[in-house]
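The values are calculated or read from the model by the stated rules, or taken from the named source; none is laboratory data. Here the structure is a predicted model, which is why all the values come from computation and not from measurement. Counting neighbours? That spans all protein chains shown, and the Cβs are built from the backbone with ideal geometry, glycine included. Please note that ligands, DNA and RNA were not included when accessible areas were found on the heavy atoms of the full protein model with its side chains. Shrake-Rupley method; radii C 1.70, N 1.55, O 1.52, S 1.80 Å.
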Amino acid sequence: MTRRRKRNSHFGRRDGKKKIAVSVSPHLGEQKKKSQDPSSLSLGVGSRESTDNELIPDLMPRRWDSDSDDDASVDSSWSSSICDDSSVDDIIPSESDDYDDASSFSSSDTNSAQTTADRIKNLNHATIDLLDVEDLSFLQRTILDFRNDRWDHKRISWDAHVAQLEHEGMFSNEYLMTKRTHQKCVSIVAPYIQRAEFNSRCSEPILVEHIVAVGLRVLSGGRTKDQRHITGMSLDAAYKAADDYIDAVNAAPEFDICMPKTDDEWEAINRGFKGKSTNEIIAGCVGALDGFFQRTNKPSQKEAFNVLAYYSGHYESYGVNCQACVNSNLEFMYFGVVSPGSTNDNISYPMAPGLKEVLDALPLGRYAVADAAYTLSESILIPFTGSDRLDKAQDSFNYYLSQLRIRVEMAFGRLVNKFRILSGKINGSLDRVTRILMACARLHNFIIREDRPFDKHYRTVEEEIDGMNLSPDPNAPLEMSYLPVVPDDMFEVYLGVSHTREAIVEFLRENDILRPVHNVERKKRELAASNTALTVHSPNGMEWDREYVSPL
């Protein structure tokens, strides 16, 4: 008599000389369709015993890998049990049983056995998943065990800090502006950088004053890792504070840099330049135009399609070209990061958004002044170069033009000397470089408007420059305090035409107005000190007249 095996509950096979009974839950087919519950990844994988030595595994996530060619082996550690002969004989037919009757194995029995074997294979994969989860749990416990407790940073007492700086007379030196101007700056940026005190994980919150202090100190050349010790915050918080302050300055409309929009505004700017011109010789000036080179890291291919365009052969560094137009008080009416560092001023100027359009729209008799790297026009006056300087009237024009054009050089010098982060190479992406440059220019204007450092009257431009205490940049030509854009071998001179310039030269000639004696003596001293005082050299061997960089 043939003994039939139990369906959908046990499947047996010989393993050497022992017979192994493997238990499988009859609900595995349903479980496979269920979504994996992340909560079961903790320690909720186990087994329970049932009758007939049956082990039914609890529900758990499984890897259903249909591509595996492994045999349907079973991990006997939890999903199988070794049974004695008596219990196995009840499940698996003995060798003496009669199997001649082929009808005893129906097709349904064969399919059931194969399905059960597949389920056993999946249980093996589930075991591997369990081991992975246990490894992750061990790693998490290890990290938590070795991590130090959070440090409770003690913030600097801002009131006590300010009181000490005022007592020592060092507040303006530490924070680039007077206390009154600093308080106004804090009130402007506060809506953009205010921290929620209940979010602080330390016993004391980070105040707006702390964020402004870190931002100003970083822009003035300090290292972020040093500022965290001064203000009392973590390194991550210090970096975030500096970036947040820079973004707040760029976002606040109170710091906007704008070109004049009304006739009265243009007239006020013109009066300021008249006051800087001896005898008001250059009477129609409404702006001083120039560019400067800011060193940066090598940009990535994602940031710049042509990385080589950012490399300046003159300064042997990567950088960007900034264009600016200033008024007589050294405030920027326009400032922009315009082009790659190898671009000349005459190419960068038309690329400056809105600048060329505004100057081209000036009425006749109104103009900006620039160096010889720009193209002469009715709206831009430039100095004479080369042999044209031998004409006394034209040489005199160069002098009176330089009285006004030097205002933009002074603005750049003040900008770089106050915000010392610009005196070196700015680290970071091109976007970060642009944000830092724009924030510095906007704060430059804000400080001049509020603190008015140029109300003092000076007899000569030289006196005024000496009063600014500008430090020369060792990499700059002509002992300048910033890096001017120097023409390279790709620079082309466009002569241009300006009837305004011709009229001024003719006026100087008719009235026999020459360079002042003190300026002539200064030129002699410079020539005696250096044979290259009137020229600028590039590493590629190019030699340019000084008028292309800084007219005398």
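Go over the candidates Val520, Val505, Val497 one by one and state the one that is open to solvent by 80 Å² or more (accessible area, probe 1.4 Å), β-branched (Val, Ile, Thr), more than 37 Å from the chain's Cα centre (by Cα) and on the phi < 0 side of the Ramachandran plot.
Checking each option against the conditions leaves just Val497.
Against the definition (open to solvent by 30 Å² or more (accessible area, probe 1.4 Å), at negative phi, free of Cβ contacts under 8 Å to residues at least 12 places away in the same chain and out of contact with any Asp or Glu (no Cβ under 7 Å at 6 or more places or on another chain)), how does Glu267 come out, yes or no?
Yes; evaluated as a whole, the condition is true for this residue.
Looking only at the stretch 133-168, filter to residues that are open to solvent by less than 90 Å² (accessible area, probe 1.4 Å) and in contact with a Leu (Cβ under 9 Å, 6 or more places away or on another chain); which one of those is modelled with the highest pLDDT?
Trp158
Would you be able to tell me the number of residues in the stretch 493-547 that are modelled with pLDDT under 85, among the polar types (S, T, N, Q) and in a helix (DSSP H, G or I)?
1
Could you list, ordered by first residue, the pairs with Cβ atoms under 6 Å in which the first is in the stretch 391-408 and open to solvent by 10 Å² or more (accessible area, probe 1.4 Å) and the second is among the charged types (D, E, K, R) and not in a helix (DSSP H, G or I), at least 6 apart or interchain?
Between residues of the stretch 391-408 that are open to solvent by 10 Å² or more (accessible area, probe 1.4 Å) and residues that are among the charged types (D, E, K, R) and not in a helix (DSSP H, G or I), the close pairs are Tyr399/Arg515.
Take Ala324 and decide whether it is at pLDDT 95 or above, under 23 Å from Leu381 (Cβ atoms) and touching a Leu at 6+ places or on another chain (Cβ under 7 Å).
Spelling it out, it is not the case that Ala324 is at pLDDT 95 or above, under 23 Å from Leu381 (Cβ atoms) and touching a Leu at 6+ places or on another chain (Cβ under 7 Å).
If Ser379 meets every condition in (1) surrounded by fewer than 23 Cβ atoms within 10 Å (Cβ to Cβ); (2) under 22 Å from Ile281 (Cα atoms); (3) touching a residue at least 40 places away in the same chain (Cβ under 8 Å) apart from one, which number is that one?
(3)
State yes or no: is Ala248 buried (at least 22 other Cβ atoms within 10 Å of the Cβ) and either under 18 Å from the mean Cα position of the chain (by Cα) or not aromatic (Phe, Trp, Tyr) (or both)?
Here the answer is yes, as Ala248 does meet what is asked.
Would you check which residues across the stretch 359-374 are open to solvent by 10 Å² or more (accessible area, probe 1.4 Å) and either among the small types (Gly, Ala, Ser) or free of Cβ contacts under 8 Å to residues at least 40 places away in the same chain (or both) and list them?
Asp360, Ala361, Pro363, Gly365
If I ask for residues that are among the aromatic types (Phe, Trp, Tyr) and without any contact (Cβ under 8 Å) to a residue 12 or more places away in the chain, which ones from the stretch 170-194 would you list?
Correct list: Phe171 only.
Condition check ((1) in contact with a Leu (Cβ under 9 Å, 6 or more places away or on another chain); (2) at pLDDT 95 or above; (3) under 19 Å from Ser312 (Cβ atoms); (4) not aromatic (Phe, Trp, Tyr)) across all residues:
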site	(1), (2), (3), (4)
Leu422	yes, yes, yes, yes
Asn427	no, no, yes, yes
Val433	no, yes, yes, yes
Leu437	yes, yes, yes, yes
Glu463	no, no, no, yes
Asn469	no, no, no, yes
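Checking Asn297 against (1) in contact (Cβ under 8 Å) with a residue 60 or more places away in the chain; (2) open to solvent by less than 20 Å² (accessible area, probe 1.4 Å): exactly one of these is not met. Which one?
So Asn297 meets the others, but not (2).
Looking at (1) without any contact (Cβ under 8 Å) to a residue 12 or more places away in the chain; (2) among the hydrophobic types (A, V, I, L, M, F, W, C); (3) in contact with an Asp or Glu (Cβ under 6 Å, 6 or more places away or on another chain), which one does Ala476 not meet, given that it meets all the others?
Single failed check for Ala476: (3).
Residues Lys425, Lys418, Lys356: which one is open to solvent by 40 Å² or more (accessible area, probe 1.4 Å) and touching a strand residue (DSSP E or B) at 6+ places or on another chain (Cβ under 6 Å)?
Matching residue, one of Lys425, Lys418, Lys356: Lys425.
If Val338 passes every condition in (1) in a loop (DSSP other than H, G, I, E, B); (2) modelled with pLDDT of 90 or more but one, which one does it miss?
All conditions are met except number (1).
Considering only residues that are surrounded by 15 or more Cβ atoms within 10 Å (Cβ to Cβ) and either of a type in the set (Phe, Trp, Tyr) or under 16 Å from Met177 (Cβ atoms) (or both), which ones fall in the stretch 428-452?
Across the stretch 428-452, the qualifying residues are Ala439, Cys440, Ala441, Arg442, Leu443, His444, Asn445, Phe446, Ile447, Ile448, Glu450, Asp451.
Conditions tested, residue by residue: (1) among the aromatic types (Phe, Trp, Tyr); (2) buried (at least 23 other Cβ atoms within 10 Å of the Cβ); (3) closer than 18 Å to Val549 by Cα.
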residue: Phe305; (1), (2), (3): yes, no, no
residue: Tyr310; (1), (2), (3): yes, yes, no
residue: Tyr315; (1), (2), (3): yes, no, yes
residue: Asn321; (1), (2), (3): no, yes, yes
residue: Asn327; (1), (2), (3): no, yes, no
residue: Glu331; (1), (2), (3): no, no, no
residue: Val338; (1), (2), (3): no, no, no
residue: Asn344; (1), (2), (3): no, no, yes
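Go over the candidates Pro474, Pro453, Pro383 one by one and state the one that is at pLDDT 90 or above and outside any helix (DSSP H, G or I).
Result: Pro383 is the single residue among Pro474, Pro453, Pro383 that is at pLDDT 90 or above and outside any helix (DSSP H, G or I).
So if I check each of Gly275, Gly284, which one is touching a Gly at 6+ places or on another chain (Cβ under 8 Å), of a type in the set (Gly, Ala, Ser) and either open to solvent by 10 Å² or more (accessible area, probe 1.4 Å) or in contact (Cβ under 8 Å) with a residue 24 or more places away in the chain (or both)?
Gly284
Just need a number here: residues in the stretch 206-242 that are of a type in the set (D, E, K, R) and not in a helix (DSSP H, G or I).
So the answer is 1.
Every residue, every condition in (1) of a type outside the set (Lys, Arg); (2) closer than 22 Å to Asn519 by Cβ; (3) in a helix (DSSP H, G or I), yes or no:
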| residue | (1), (2), (3) |
| --- | --- |
| Glu357 | yes, no, yes |
| Ala368 | yes, no, no |
| Asp395 | yes, yes, yes |
| Leu401 | yes, yes, yes |
| Leu437 | yes, no, yes |
| Cys440 | yes, no, yes |
| Tyr458 | yes, yes, no |
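Is it the case that Phe171 is at pLDDT below 75 and of a type in the set (Phe, Trp, Tyr)?
When the stated conditions are applied, Phe171 does not pass them.
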